[in-house]
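Below is one structure, written out as structure tokens; comments come after it.
What follows is calculated from the coordinates using simple rules that are stated; it is not laboratory data. Here the structure is a predicted model, which means the values were calculated and not measured. Counting neighbours? That spans all protein chains shown, and the Cβs are built from the backbone with ideal geometry, glycine included.
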Amino acid sequence: MKSRSVLRAVAIASAAAAAIALSACSASTPEDAAAGDDSGLQTVTPGKFTIATGEPAYSPWVENDDPESGEGFEAAVAYAVAGQLGFDKSDVVWIRTPFDTVIAPGPKDFDINIQQFSANEDREKAVDFSSPYYETTQGVVSVEGSPAADATSLADLADVKVGVAAGSTSIAAVKEAIGTDPAIFNSNEDTVQALIAGNIDALVTDLPTAFYNANAVLDNGVLVGQFESSAGGDKLALLLENDSPLTDPVTEAVDALREDGTLDELAEKWLADNAGATVLS
């Protein structure tokens with residue numbers, strides 16, 4: 001793999017872009033939480049703010065799979081939201097969850113979950129979402145020598161094998177933009193391995209992750225381009241339990257961070273900019 005410093009250099013240059021079981025129940029009752037939390041917020045553990053992320057959590061969202069460090073865009077956003085709600089960094093508790101199965105009805109053992117979830121009509125029937133903290137589109141990654149590496153249009157991708165992660169909005173984006181059914185893998189990491197092994201010709205994922213895969217994970221990676229925002233644009237939001245009492249205050253916290261410029265500052269610090277990727281049409 002290429003070094004993190006390479007990734008950061010790429011990000012700057014392009015700025016011109018396990019598991020905790022789902023069935024586990026809340027660690028405390030609402031009455032306990034209300035009684036023990038000075039903030040008045042009903043959190044799963046009184047006085048603490050429990051944040052879930054993926055296993056593993058990867059760059060540029062979380063650096064070195066260490067969300068407690070606060071390094072990486074989503075780790076930094078999560079701590080900023082906690083601070084906006086009145087929690088100190090020492091009050092934040094991190095846990096890990098899967099990505100796809102957590103988007104299901106039922107009690108959650110976290111207050112918020114952050115791992116590139118985008119809200120849509122189907123998901124909102126099962127869980128709550130905050131207002132978005134970042135908007136991105138989908139990127140296409142290949143490797144040198146692959147039939148997809150030289151693609152300059154969506155039509156050029158119609159006859160190649162494309163892979164995506166299970167449960168991701170990339171599935172619908174590929175169907176809409178390219179008009180084919182992608183191969184589906186358990187995770188983004190599995191999709192990368194399939195590309196390395198030659199089982200697929202290209203992978204599709206959110207654009208910041210596409211930048212990272214092309215420039216920091218794959219030794220011979222190629223960022224083929226990005227879909228137009230109308231074909232797979234994602235508004236990433238924090239996931240909460242359905243009808244959570246925290247949904248409104250968390251949304252207000254995200255909105256405040258957007259309005260005061262914090263979200264833009266964190267995106268500029270941690271994420272590659274979209275401007276470096278060709279728009280495929």
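Let's test the formula: R0 of 51 Å, r as the Cβ-Cβ distance of D156 and N242. What FRET efficiency results, to the nearest 0.05?
Details: r = 42 Å, r/R0 = 0.82.
It comes out at approximately 0.75.
Whole angstrom only: what separates the Cα centroid of segment 83-126 from the Cα centroid of segment 144-178?
Cα centres, segment 83-126 to segment 144-178: 29 Å.
Using label points projected 7 Å from each Cα along Cα→Cβ, tell me how many nm separate T101 and I184, to one decimal.
Once both label points are built, they end up 1.6 nm from each other.
How much net charge surrounds A148 when only other residues with a Cβ under 10 Å from its Cβ are counted (Lys, Arg +1; Asp, Glu -1)? Before the final figure, lay out each step's value.
Numbers: positive: K161; negative: D150, D156, D159, D201.
Taking every Cβ under 10 Å from that of A148, the sum is -3.
Quick one: net charge around Q138, please, counting Lys, Arg +1 and Asp, Glu -1 for every other residue with C-beta under 14 Å from its C-beta. If you can, show how the numbers build up before the last one.
Numbers: positive: K175, K235; negative: E135, E176, D206, E228, D234.
Summing Lys/Arg as +1 and Asp/Glu as -1 gives -3.
Show me the three semi-axes of the equivalent ellipsoid for segment 138-226, from the C-alpha gyration tensor (sqrt of 5 times each eigenvalue), largest first, rounded to whole Å. Can you show the working numbers first?
On the way: eigenvalues 51, 43, 28 Å².
Over the Cα atoms of segment 138-226, the semi-axes work out to 16, 15, 12 Å.
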